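Here's the structure, in structure tokens; my notes come after.
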Amino acid sequence: MKKIAFILPLLAIALTSCSEVKPLEKMVFCFDSIIDVKLYDGKKEYLDWINNICYEYDVATNYYAKGTPLGIYQINRTNDEIEIEPDIYDLLKYAFDVKDQGATYFDPMCGSLSEKWKESLAKKEILSETVINEELEKRNNSSFEFFEDYNIQRIGEATIDLGGIAKGYVLQKVYEYLRGHGVNKYIINGGFSSILLGEKNTKSGLFTVGLKEVKNAYIQAKNCFISTSSIYQQGVEINGVTYSHIINPVTGSAINENDGVIVISDNGAYGDAMSTSLMNNTLDEIKSIEQEHNIKTIVIKKNKIVYSHKDIEVKYH
Amino acid sequence: MKWNTHKIALMGILTAGAIIIAILESFIPSIGIPGVKLGLANIVILIILYEIGIVEAIIVDLLRVLMVGLLRGTIVSMGFLMSLTGAVLSLGIMILLYLVVKKFSIVGVSVVGSIFHVTGQILIAMAFLGTPYIVFYLPIIAVSAIITGVLVGIVAQLIIRTGVIKKQKEKYKF
Amino acid sequence: MDKKVLRNDLILIGSLLVLAVISLVLVLTLKTKKNLVAKVYVQNEVVEVIDLSKKEEKDYYVQGLKGQVHIHTKNGGIAIVESNCPHQDCVNMGYVYETNRPIICAYNAVYIVIEGKANFDVEI
């Protein structure tokens, strides 16, 4: 009797500790937030690679600080034709091309419009129509040219802001790297807006993803990118209306058609761009974009799910 | 089974006793689940069951539940139904054990009766409030029911041993 | 008393007691300790979810079946402080800080349950 009583707890401890393999983990500080990397298989050096690539793109796309050797900061201050790093060239090209893939309301050249809205909302003021129109005019009179040998040229006064796509683009790079090294079990949490899911180290491999904005709601997913945009994160309420940091590039407005959009896709950059863009599409438009471009979405209005793709099962606890 | 004036008088006293015990007991706050009571009135019920008769025990128990409900104002409430169900289940099992399964003493019968008593109460509480959470209090209530059952059984046994009821039965022939 | 009957009694009471004590120990020890959340139910529907890990001191007023129930949180615990029920069992329970100890006001069909916060891998 005493022997059994002694063995049982030891057995219990042994069993519980076996099922929990400690993942390789690293917190990468970049893009003004933290990317939490958890690898359930793989080597420690992968973490270093991931850290470096995040740092590289962070520095290059930072709107407010100089990049090394050349980043968005410098690009936004010259109209000369200049040569840039291939990585940044590819990112910029993708950001401008994504419009042709259904990203109607995504425009990488709305930097100064976004900036003006941010300053205004920080003072709890609505940006005036005059300024909005000036900015839209500025944008219409600007363009971005891509040449051979990684040369680019910014034309006009409008500035580039890659905030809505950079993180997703980096996660895409991380995904390709991990896949190339045979790593399948991981979760790269780029904060609320961009998440890369591999498989969890459980039988089903599914991760439980909670939806902060909808009471008690969650989904289960694996092997995909999840990109989110919402007004609840950095929204400012003025006179009962919420103004977000997602600016409609066509109208210049900070009021969005939807309150939140979650995009599940197989490309991180595309997912990020679309989660921003779809904030201003109607449900019908979203449904046809889903079909045409092979993504799945969840659309949220007033903290309720107004639409979710038929293959997504939203659960409540 | 004869019902003469003396018997009626005795039954009246015993019923009153059961009611008073039950009312006093209802002032003790219940642990966690509102309405779950110790069941001390069972002392009287057990005595009647063992010394007088089954039918008499049933009558007194039901009267007890009804009168306490009326006097405490809980009639037609979850509390009353809890009491009733508890009494029915507890008395049912005690009669079964007393009559058919004659393997346990009055203490054993009392413990089982006590457990069935709180089980009946908890079942009604669960039905009214919706399950899962009430279950958490079951263990502590079960322990308390067992202890109470033992005490009630012992007290009933002691009273029976004094022969008070037996003497009444012989003297007044019922 | 008959020895056989006494033995039967002891076996019966003994085994019942063991069962009850084991389940009591389980209920007391198997509980989530961190990240607690209190869910307030009125007639089986969740009307309020309160994050107890924030340790806020706050008042909540919930409409129960027969009247208003006043709930108060303090230091990570929660209690019903006022209720129009006759027995006041719920008020007498005082502050609860752990899981597995629901506060029940049967009169108003209000109950408060403390649970661990749902375990998400990530939240978006």
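The values are calculated or read from the model by the stated rules, or taken from the named source; none is laboratory data. Fair warning: this is a prediction, and the values are worked out from it, not measured in the lab. Cβ sites come from the backbone with ideal geometry, for glycine too, and all protein chains shown count toward neighbours.
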Out of B:75, B:21, B:93, B:33, which single residue is surrounded by 18 or more Cβ atoms within 10 Å (Cβ to Cβ), closer than 30 Å to residue C:83 by Cβ and within 14 Å of chain C (Cβ to nearest Cβ)? B:33
Unique match (being among the hydroxyl-bearing types (Ser, Thr, Tyr), at the interface with another protein chain (Cβ under 10 Å from one of its Cβ atoms) and either under 30 Å from residue A:92 (Cβ atoms) or in contact with an Asp or Glu (Cβ under 6 Å, 6 or more places away or on another chain) (or both)) among A:244, A:194, A:253: A:194
Taking the stretch A:263-317 on its own, how many of its residues are part of a loop (DSSP other than H, G, I, E, B) and buried (at least 21 other Cβ atoms within 10 Å of the Cβ)? 3
Among the residues of the stretch C:107-124, which ones are more than 14 Å from chain A (Cβ to nearest Cβ) and under 13 Å from the mean Cα position of the chain (by Cα)? C:110, C:111, C:112, C:114
When the stretch C:79-102 is checked residue by residue, the ones that are acidic (Asp, Glu) and at the interface with chain B (Cβ under 7 Å from one of its Cβ atoms) are C:89
Inspect all residues belonging to the stretch C:34-54 and state whether any of them is surrounded by 14 or more Cβ atoms within 10 Å (Cβ to Cβ), within 14 Å of chain A (Cβ to nearest Cβ), at pLDDT 85 or above and under 29 Å from residue B:148 (Cα atoms). no
Return the residues of the stretch A:53-100 that are without any contact (Cβ under 8 Å) to a residue 12 or more places away in the chain, within 17 Å of the chain's Cα centre (by Cα) and in a loop (DSSP other than H, G, I, E, B); say none if nothing qualifies. A:62
When the stretch B:136-155 is examined, which residues are found to be facing chain C (nearest Cβ under 7 Å) and at pLDDT 85 or above? B:139, B:140, B:142, B:143, B:146, B:150
Checking residue B:84 against (1) within 14 Å of chain C (Cβ to nearest Cβ); (2) at pLDDT 90 or above, only one condition comes out false. Which one? (1)
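Okay, residues lined up against (1) among the charged types (D, E, K, R); (2) closer than 18 Å to residue C:60 by Cα; (3) surrounded by 23 or more Cβ atoms within 10 Å (Cβ to Cβ); (4) in the same structural domain as residue C:71 (by TED's automatic domain parsing):
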position: C:84; (1), (2), (3), (4): no, yes, no, yes
position: C:87; (1), (2), (3), (4): no, no, no, yes
position: C:93; (1), (2), (3), (4): no, yes, no, yes
position: C:98; (1), (2), (3), (4): yes, no, no, yes
position: C:103; (1), (2), (3), (4): no, yes, yes, yes
position: C:109; (1), (2), (3), (4): no, yes, no, yes
position: C:122; (1), (2), (3), (4): no, no, no, no
Give me the pairs, please: first residue somewhere in the stretch A:277-303 and on the phi > 0 side of the Ramachandran plot, second residue anywhere and among the hydroxyl-bearing types (Ser, Thr, Tyr) and crowded, with 17+ Cβ neighbours inside 10 Å, beta-carbon distance under 9 Å, and either six or more positions apart or on two chains. A:294/A:265
For the subset of the stretch A:182-217 comprising residues that are surrounded by fewer than 20 Cβ atoms within 10 Å (Cβ to Cβ) and not in a loop (DSSP other than H, G, I, E, B), which member is farthest from the chain's Cα centre (by Cα)? A:208
Run residue B:133 past the list (1) under 19 Å from residue C:101 (Cα atoms); (2) modelled with pLDDT of 90 or more and report the number of the one that doesn't hold. (2)
Considering only residues that are touching a Ser or Thr at 6+ places or on another chain (Cβ under 7 Å) and away from chain B (no Cβ under 12 Å), which ones fall in the stretch C:1-33? C:32
Would you check if there is a residue in the stretch A:164-187 being touching a strand residue (DSSP E or B) at 6+ places or on another chain (Cβ under 8 Å), within 11 Å of chain C (Cβ to nearest Cβ) and hydrophobic (A, V, I, L, M, F, W, C)? yes
Residue that is surrounded by the most Cβ atoms within 10 Å (Cβ to Cβ), among those in the stretch A:94-125 that are more than 22 Å from residue A:154 (Cβ to Cβ) and of a type in the set (S, T, N, Q): A:120
Within the stretch A:197-211, residues of a type outside the set (Lys, Arg), touching a residue at least 24 places away in the same chain (Cβ under 8 Å) and at the interface with another protein chain (Cβ under 9 Å from one of its Cβ atoms) come out as A:197, A:211
Do you know which of the residues in the stretch A:41-87 that are buried (at least 20 other Cβ atoms within 10 Å of the Cβ) and touching a strand residue (DSSP E or B) at 6+ places or on another chain (Cβ under 9 Å) is nearest to residue A:152 (Cα to Cα)? A:84
Residues in the stretch B:101-123 that are farther than 19 Å from residue B:58 by Cβ, within 10 Å of chain C (Cβ to nearest Cβ) and in a helix (DSSP H, G or I) total 4
